[in-house]
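Take a look at the structure below.
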There are 2 protein chains.
Amino acid sequence: MTATDDVIGRIRFNEAGLVPAVIQQWDSREVLMMGWMDAEAVRRTLGEGRVTFWSRSRQEYWRKGDTSGHVQYVKGAALDCDGDTLLVTVEQVGAACHTGTRTCFDADVLEPVVADADSARLAAEMGSDL
Amino acid sequence: MTATDDVIGRIRFNEAGLVPAVIQQWDSREVLMMGWMDAEAVRRTLGEGRVTFWSRSRQEYWRKGDTSGHVQYVKGAALDCDGDTLLVTVEQVGAACHTGTRTCFDADVLEPVVADADSARLAAEMGSDL
């Protein structure tokens, strides 16, 4: 059994046989995108130095950059505490998003109510429950 | 219709009515964890200044920090290009992971084959296909 088989054995794939993979630029630490991998896509990603996803819409392997040139070179990887999410750090060539933006999270920035530990402390002193 | 309802209307929830939410520390940009939200958890997260998940294992809302004290204060949020992943930037109090580590990705660091644009160029010159 290879080291990669051992990793794959620790992954808790969902009922469709897939695991979500968060892709992060290794140096700027931007979250670039989230994609899905089956066991074979994980094997290729960990073994080839390039990120491969499983495309749920096209039902095929999708090695990032093969058509766009926007390759993701693998710099590191980690499995989360309960084995159901992968984090892959990469060197992203060009745009990570198929829409042409640097990350997939650039186009729809939301405006949530924000808070921090200081404002929460202040609110508590004023009797609120943030 | 509120702004939050409008956001929720843009989210493509999965067949279980959930969307994955990547949680990132706002300043260090560490990826802390990934959790799941239903529409109500998104509404609370965007409206309360604190992150709330839907716990799939316990089938209940889980406002991060209510029992552990490890609150996640919301600093920003974005929806990805196809509306099926949320990114929430937070101020994390203490450990993000229920195991006590700073992030959920600290415990199982993998050792993938790594590459970068320079090594790929070199390999190409030598006739390989990285």
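The values are calculated or read from the model by the stated rules, or taken from the named source; none is laboratory data. Because the structure is predicted, anything quoted here is derived from the model rather than measured. Cβ sites come from the backbone with ideal geometry, for glycine too, and all protein chains shown count toward neighbours.
Evaluate region B:37-58: report whether one residue or more is modelled with pLDDT under 95 and β-branched (Val, Ile, Thr).
No, region B:37-58 contains no residue that is modelled with pLDDT under 95 and β-branched (Val, Ile, Thr).
Listed here are the residues, each with its yes/no results for (1) surrounded by fewer than 16 Cβ atoms within 10 Å (Cβ to Cβ); (2) more than 11 Å from every other protein chain (Cβ to nearest Cβ); (3) without any contact (Cβ under 8 Å) to a residue 12 or more places away in the chain.
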residue	(1), (2), (3)
B:6	yes, no, yes
B:28	yes, no, yes
B:37	no, yes, no
B:41	no, yes, no
B:46	no, no, no
B:60	yes, yes, yes
B:70	no, yes, no
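Cβ contacts < 8 Å: first residue more than 8 Å from every other protein chain (Cβ to nearest Cβ), restricted to region A:94-106; second residue of a type in the set (A, V, I, L, M, F, W, C) and in a loop (DSSP other than H, G, I, E, B), any location; separation 6+ or different chain. Result?
Partner pairs satisfying both residue conditions: A:96/A:104; A:102/A:95; A:102/A:96; A:103/A:96; A:103/A:97.
Of the numbered conditions (1) under 25 Å from residue B:106 (Cα atoms); (2) in contact (Cβ under 8 Å) with a residue 40 or more places away in the chain; (3) touching an Asp or Glu at 6+ places or on another chain (Cβ under 9 Å), residue A:117 satisfies every one except a single condition; which is it?
Going through (1) under 25 Å from residue B:106 (Cα atoms); (2) in contact (Cβ under 8 Å) with a residue 40 or more places away in the chain; (3) touching an Asp or Glu at 6+ places or on another chain (Cβ under 9 Å) one by one, residue A:117 breaks only (2).
Does region B:70-82 hold any residues that are among the β-branched types (Val, Ile, Thr) and more than 24 Å from residue B:12 (Cα to Cα), and which are they? Steps first, answer last, please.
So the first thing to find is which residues in region B:70-82 are among the β-branched types (Val, Ile, Thr), and the list is B:71, B:74.
B:71, the sole residue that qualifies.
Among the listed residues A:89, A:45, identify the single one that is among the hydroxyl-bearing types (Ser, Thr, Tyr) and touching a Ser or Thr at 6+ places or on another chain (Cβ under 8 Å). Quick ask: steps written out before the conclusion?
Details: A:89 fails: touching a Ser or Thr at 6+ places or on another chain (Cβ under 8 Å).
Only one candidate qualifies: A:45.
Across region A:8-26, what is the total count of residues that are buried (at least 19 other Cβ atoms within 10 Å of the Cβ) and of a type in the set (Phe, Trp, Tyr)?
Of the residues in that region, 0 qualify.
Does residue B:85 meet the test of being of a type outside the set (A, V, I, L, M), at the interface with chain A (Cβ under 7 Å from one of its Cβ atoms) and in contact with a strand residue (DSSP E or B) (Cβ under 7 Å, 6 or more places away or on another chain)?
On the way: of a type outside the set (A, V, I, L, M): yes; at the interface with chain A (Cβ under 7 Å from one of its Cβ atoms): yes; in contact with a strand residue (DSSP E or B) (Cβ under 7 Å, 6 or more places away or on another chain): yes.
Spelling it out, residue B:85 is indeed of a type outside the set (A, V, I, L, M), at the interface with chain A (Cβ under 7 Å from one of its Cβ atoms) and in contact with a strand residue (DSSP E or B) (Cβ under 7 Å, 6 or more places away or on another chain).
For region A:112-130, how many residues meet the condition of being within 7 Å of another protein chain (Cβ to nearest Cβ) and part of a loop (DSSP other than H, G, I, E, B)? Even if it seems obvious, please write down each step before you answer.
So in region A:112-130, the residues within 7 Å of another protein chain (Cβ to nearest Cβ) come out as A:112-117, A:120, A:130.
Retained after the next criterion (residues that are part of a loop (DSSP other than H, G, I, E, B)): A:112-116, A:130.
Residues in region A:112-130 being within 7 Å of another protein chain (Cβ to nearest Cβ) and part of a loop (DSSP other than H, G, I, E, B): 6 in total.
May I ask you to say which residue of B:67, B:99, B:85 is β-branched (Val, Ile, Thr) and under 30 Å from residue B:9 (Cβ atoms)?
Working: B:67 fails: under 30 Å from residue B:9 (Cβ atoms); B:99 fails: under 30 Å from residue B:9 (Cβ atoms).
Every option except B:85 fails the conditions.
For the subset of region A:43-86 comprising residues that are aliphatic (A, V, I, L, M) and under 23 Å from residue A:16 (Cβ atoms), which member is farthest from the chain's Cα centre (by Cα)?
Our first condition is that a residue be aliphatic (A, V, I, L, M); within region A:43-86, this holds for A:46, A:51, A:71, A:74, A:77-79, A:86.
From what is left, the residues that are under 23 Å from residue A:16 (Cβ atoms) are A:46, A:51, A:77-79, A:86.
On the way: A:46: 14, A:51: 11, A:77: 10, A:78: 11, A:79: 11, A:86: 7 Å.
The residue in question is A:46.
Can residue A:101 be described as within 30 Å of residue B:5 (Cα to Cα) and crowded, with 22+ Cβ neighbours inside 10 Å? Show your work before the answer.
Details: within 30 Å of residue B:5 (Cα to Cα): yes; crowded, with 22+ Cβ neighbours inside 10 Å: no.
The answer is no for residue A:101.
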